[in-house]
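Contents: one structure, followed by commentary.
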Protein chains: 6
Amino acid sequence: MTIADRLSAAGTAGLSTALRKRGYHDVFVDGVRPLEPGMRLAGPARTLRFVPFRPDLFAERGGGLNPQKQAFDTIGPGEVLVIEARGRPEAGTLGDILALRARHRGAAGVVSDGAVRDAQAVAATGLAVFAQGAHPSVLGRRHVPWETGVVIACGGAAVVPGDFVVGDGDGVLIIPAALVGEVLAEAEGDERRDRWIAARVAEGAPIDGLFPMNEAWRARYEADTAV
Amino acid sequence: MTIADRLSAAGTAGLSTALRKRGYHDVFVDGVRPLEPGMRLAGPARTLRFVPFRPDLFAERGGGLNPQKQAFDTIGPGEVLVIEARGRPEAGTLGDILALRARHRGAAGVVSDGAVRDAQAVAATGLAVFAQGAHPSVLGRRHVPWETGVVIACGGAAVVPGDFVVGDGDGVLIIPAALVGEVLAEAEGDERRDRWIAARVAEGAPIDGLFPMNEAWRARYEADTAV
Amino acid sequence: MTIADRLSAAGTAGLSTALRKRGYHDVFVDGVRPLEPGMRLAGPARTLRFVPFRPDLFAERGGGLNPQKQAFDTIGPGEVLVIEARGRPEAGTLGDILALRARHRGAAGVVSDGAVRDAQAVAATGLAVFAQGAHPSVLGRRHVPWETGVVIACGGAAVVPGDFVVGDGDGVLIIPAALVGEVLAEAEGDERRDRWIAARVAEGAPIDGLFPMNEAWRARYEADTAV
Amino acid sequence: MTIADRLSAAGTAGLSTALRKRGYHDVFVDGVRPLEPGMRLAGPARTLRFVPFRPDLFAERGGGLNPQKQAFDTIGPGEVLVIEARGRPEAGTLGDILALRARHRGAAGVVSDGAVRDAQAVAATGLAVFAQGAHPSVLGRRHVPWETGVVIACGGAAVVPGDFVVGDGDGVLIIPAALVGEVLAEAEGDERRDRWIAARVAEGAPIDGLFPMNEAWRARYEADTAV
Amino acid sequence: MTIADRLSAAGTAGLSTALRKRGYHDVFVDGVRPLEPGMRLAGPARTLRFVPFRPDLFAERGGGLNPQKQAFDTIGPGEVLVIEARGRPEAGTLGDILALRARHRGAAGVVSDGAVRDAQAVAATGLAVFAQGAHPSVLGRRHVPWETGVVIACGGAAVVPGDFVVGDGDGVLIIPAALVGEVLAEAEGDERRDRWIAARVAEGAPIDGLFPMNEAWRARYEADTAV
Amino acid sequence: MTIADRLSAAGTAGLSTALRKRGYHDVFVDGVRPLEPGMRLAGPARTLRFVPFRPDLFAERGGGLNPQKQAFDTIGPGEVLVIEARGRPEAGTLGDILALRARHRGAAGVVSDGAVRDAQAVAATGLAVFAQGAHPSVLGRRHVPWETGVVIACGGAAVVPGDFVVGDGDGVLIIPAALVGEVLAEAEGDERRDRWIAARVAEGAPIDGLFPMNEAWRARYEADTAV
């Protein structure tokens, strides 16, 4: 399995616990949800920053192959494009043509704290997209696509190009690149243990003493899972 | 195809761009979503204005065949009832009996910036409804149904009786009656072009030069789509 | 049918009208929705109160078999656990292991005005859960699980242990235990009448005179429904 | 003293209690405050309704002696102009020239759930104004001044032309015209009693038994205040 | 100087930094401000918890010498009453008679994340009050005064009876009783240093090297402040 | 008079109208207010961008002479420092030492869409500061001071270094540098006319025909103001 597959399998819940133990508390992209239930994504971040609409700035960078279109046109396989749209729900930040292009280039997905335009067509491309919601308006209602490749804010989290982004039914999480290895290993261990605990609970075991495990349960767990 | 069918096919995204070019920026009913995924509506607006609940005003206009019930009882085939509920999510503004009646009269749908009561039963009628959400309460918790046929505010947009209302997966859009013809024609043209561009992107063409089209692509587009 | 089954069949819309007539206006758990469309619950309330996170308080009551875990470990068949999480969406208040345990003990469901962690796994347990949404974070990001069995606030409603909780597609309603009998009877009567009215509307009858019923319709209704 | 003077002296706190006893709970203009600390107003309401900005509607009613300017130009002595601006803080709804005119005509004040433009100049006119705050923008950023003399919503309260409006340090209250007499009489009685209680508390009397009064205190109160 | 005087002199800014170093990040009562500019308070907390209004619960605990009135009637010299009102701005949580009583008993002040009724009269008592704002309504519009002496949530902070509460122009801070000594000592040291730095900046020294201090500046600081 | 003095005298209300005529609608820093009533500022913008707190990023750029401290240490006479704090009210973005430094260097003021720490001490420096409010916390609670000299977003407006910033009792306005001359000239002309109209209204003239001016009034105005 690739790192991305393992991150996706581990899930945002377990990964966030491992980050929390290392002092990373505000690593969640708040306010976004998958365009369709069940969507998941994981991969390294590319970043795109929008600034508030202003006629002179839009004239400078809004037209032609603007930074937004460049970002979609050049995104690499397995990458996740993360868009800073200042949490504004009332303008689109991507549409179906750009989603198709990202899909064609093998992108892992898009995260935007703004809205999606032509949301049904975007969903139909099969690209995993997490956003605030849908809105019919073009981005120029609120934004100028300003620059790519810088540190951005998205849904309250800082995102550095190259950070890992993981999204699932619980939300979207940002993992600093330097921490991916240790955080993933820890989350996988925790997940194995929690699945074992869940199996015991499904069999009728009480929570008391089992979650968290006391010594007796831990011994049984270690016996069960020893190779 | 009727105007309504064409508007629905064109979709809110493209229509809003054509309105934007004419200086119409705040024509979106913000904060509403379809009661069930995939619902769409298009048609001329009938309007209904609620004012905040007050015992004396409710005594005057809340009971019997009040303005809300009159509006549902007399809505015409293909019309869309738009309700001003001041964006309050905590009270119903229509229920299943009224939805059934609107359905029976052939209404194209309902848009309310308040909530729907008995939402599952309303959805089961098949009527297209866009609202803030669902709430168990009767309208009297927050509203008096005050009058019909006046200019209202719904989700931040002004709505004049006879305006066209279009709703789909991106949201709800209000089109002044006088602009429907030109806006629709332009949106259909844009949509044709964007579908063609999307097909090229699906084939692997880059965005650069294609979206927006440079002269070479435009020539090819015109050749392709010439009759 | 049990009381819980009858409450669930009556639905929150009708029950809230009967409560309203008795002066109970603010009995709605605002801001929550079912984890999956179609979920319903009804049963007597158990309560759990969280307070804002603070290191010393978490050290005192956050670990081991804390009040949250105790509550899930001891919930009884048919009961609904209601959690006061001060409406904060940015931390989980239950996860899949606890949901499994509640399911195993026969709980009717959980209502939390905070978030659910591992929401897909929670939904997979089949437990009916109504909450603000999903979030990957553990509860310690915002909460200390403080105590059980006290009067709490949840989504703007006071909840007394033993109150009846009813949740469906419209939301969640709290019914004081002492009122369940009369409120249920009245709601069932109203529901019977409204179903009959809906049938007439489906046949093409106008609202005028029928909803609310005039004397003629009432006579026909009484004739139709007389045993 | 005039009715307006007596209402102003009674204050919104006491008057709202008397309204509450009569079933009037949502009679507060929420979200507004006086332009300067200490401002008070009382008088019968004139109403003005704005609808969301749209180019065609603004062309129809935004220019010349529009409904807003008419309202200020014709307001009568002692009247209070109440403006429905849908609670939007980001556009002015009156400025200093209109405030001067209202002041010159003897208006008792203005209540707007939108913003004030040129707020310092407006305050300098001496007119009592309660609003959401200040904003430099003209009203056309968000509004079309649509009509006068209709029932409106302002800050969550319904306002009928002729209702009494009272504003002080606690906020703004709407009193239906038909209730002014009885509500005022009751509030004045309560205020007299509360002032007497406050004097006892200032002397060191405990709350217990005094607030609310038991029989002993009531007897003393009646003796003290008997003519 | 008493502990309270020293806490008040140290101020919430410096004290919060010392708490932050010990892992206490969410100790702020968000959303409150002093009733009048310049108000300050410091002292040990008494707590009062309100729950949402419900007729049966209000009948049980709303009348006579209810928990709210008991709390004001028995508050001790130097104490601060902290009220959990769930951040609701639309109902009073204390009025002038209760404020007078607290003032007479020597209370250091009141903190409420709800509103103040009769705010001008409350301010006139001279009691230091920090709240969301002012509102004319009695507490029964939203609350039942439920209990005293328990751990509460106020403005996002947990408050334990006996914690120290400090309020000034920056806001209100909660200090766990066990930490007051060390936090105060550290804040006083920091404040001394920052005053010295401010004096240098006022003389024209650049920030660079001085704030934070490099070795040269630190040596000069130590020389200056040595006894 | 300098350009800054003339901008300050013209005021944000008049200047925003001139910008609006040129298609600049979203040039307001929403949500900020002066630290003390009556504060005004005008001058060219320096910019400072904060990103959300994260331990690794704070370790990289939070300590020593970080970008925030550099910005304050090097701000020039007459300049306005504008800080992007993503509108978060719950952490300080400047304190009294930095304010003193800016004051010493002759800065015209600071605009931050975050909070001010040690607000009373900051106000005491005499520096004009517009912000969301006050908060005791250091910036590290929510921010990493990331970079200076880039285009930022502040309160919903794009700010380019060198834009003119004007703040007064109505709020804060951003004027693109290239437009300052024409916008200022137009605003001064409008202001002259409006002062003349206000004088007529103060004398008792009705609004009708005067505001806006009909031909008769315009003739009189031109006669009056001819040199």
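Looking down the axis that turns chain B into chain C, the chain B residue with its beta carbon nearest that axis, and the gap rounded to whole angstrom, comes out as B:P37, 6. Our note on the geometry: Cα centres of segment B:138-200 and segment B:92-114, 17 Å apart. Rounded to the nearest 20 debye, the dipole magnitude of chain C is 580 debye, with +1 charges on Lys and Arg beta carbons, -1 on Asp and Glu beta carbons, and the Cα centre as origin. Connecting C-alpha atoms closer than 10 Å in a GNM of chain B, tell me which of B:P212, B:P37, B:P77 has the biggest fluctuation. Result for chain B, Cα springs under 10 Å: B:P212 fluctuates most.
In order along segment E:15-31, the Karplus-derived 3J(HN,Hα) couplings, from 6.51 cos²θ - 1.76 cosθ + 1.60 at θ = phi - 60°, round to 5, 5, 5, 5, 5, 4, 4, 9, x, 9, 9, 10, 10, 9, 8, 6, x Hz, and Gly and Pro are given as x. The 3J(HN,Hα) values that the Karplus relation (6.51, -1.76, 1.60; θ = phi - 60°) gives for segment B:40-56 are, in residue order, 9, 8, 7, x, x, 7, 9, 10, 9, 10, 9, 10, x, 4, 8, x, 5 Hz. Gly and Pro appear as x.
Computed over chain B with a Gaussian network model linking Cα atoms closer than 10 Å, the most mobile of B:T148, B:T47, B:T93 is B:T148.
All other residues whose Cβ lies under 10 angstrom from that of B:D168 are scored, Lys and Arg at +1 and Asp and Glu at -1, for a net of -1.
Overall, the protein assembly as shown carries a charge dipole of about 0 debye about its Cα centre when +1 sits on the Cβ of Lys and Arg and -1 on the Cβ of Asp and Glu, all other atoms neutral.
Centre-to-centre, using Cα atoms only, segment D:14-86 and segment C:42-57 are separated by 43 Å. Does segment B:86-153 come out rounded, prolate or oblate, given a ≥ b ≥ c as the square roots of the eigenvalues of its C-alpha gyration tensor, rounded meaning a/c under 1.5 and, failing that, prolate meaning a/b above b/c? Oblate, since a/c reaches 1.5 and b/c is not below a/b. GNM, chain C, Cα, under 10 Å: largest mean-square fluctuation among C:Q120, C:Q68, C:Q132? Highest fluctuation among the options: C:Q120. Relative to the Cα centre, the charge distribution of segment F:99-227, modelled as +1 at Lys and Arg Cβ and -1 at Asp and Glu Cβ, gives a dipole magnitude of about 760 debye. Net charge in the neighbourhood of F:H135 (other residues with Cβ under 12 Å of its Cβ; Lys, Arg +1, Asp, Glu -1) is 0.
A viscosity of 1.002 mPa s and a temperature of 20 °C, combined with the Kirkwood radius over Cα pairs in Stokes-Einstein, give a translational diffusion coefficient for the protein assembly as shown of 65 µm²/s. With the alpha-carbon atoms of segment B:44-113 aligned to their principal axes, the span from lowest to highest coordinate is 34, 25, 20 Å, starting with the largest. In chain F, helices alone account for a calculated mean residue ellipticity at 222 nm of -11500 deg cm²/dmol, with every DSSP H run of four or more residues adding -39,500 (n - 2.57).
Using the Cβ-Cβ distance between F:H25 and D:T2 with R0 = 56 Å, the FRET efficiency computed as 1/(1 + (r/R0)^6) comes to roughly 0.80. Between the Cα long axis of helix B:215-225 and the first principal axis of chain B there is an angle of about 70°, rounded to the nearest 10. Amide H contacts of F:C154 (H built 1.01 Å from N, in plane; Pro and chain starts excluded): F:V159 sit under 5 Å, all sequence-distant by 5 or more or on other chains.
Once backbone amide H atoms are built at 1.01 Å from N, C:H143 has C:F53 as its partners under 5 Å, excluding neighbours fewer than 5 places away on the same chain. Just tell me which lysines come within less than 27 Å, Cα to Cα, of A:K69; anything on the same chain fewer than 8 places away is out. Once the sequence-local lysines are set aside, what remains near A:K69 is B:K21.
Sorted from closest to farthest, the other copies place their F:E36 label points 1.8, 1.8, 6.1, 6.2, 6.4 nm away, with each point set 7 Å from Cα along Cα→Cβ.
Read the figures in this text as sums done on the coordinates, not as results from a lab. Given the structure is predicted, the values throughout are model-derived calculations rather than measurements. So basically every Cβ, Gly included, is an ideal-geometry build from the backbone, and we count neighbours across all protein chains shown.
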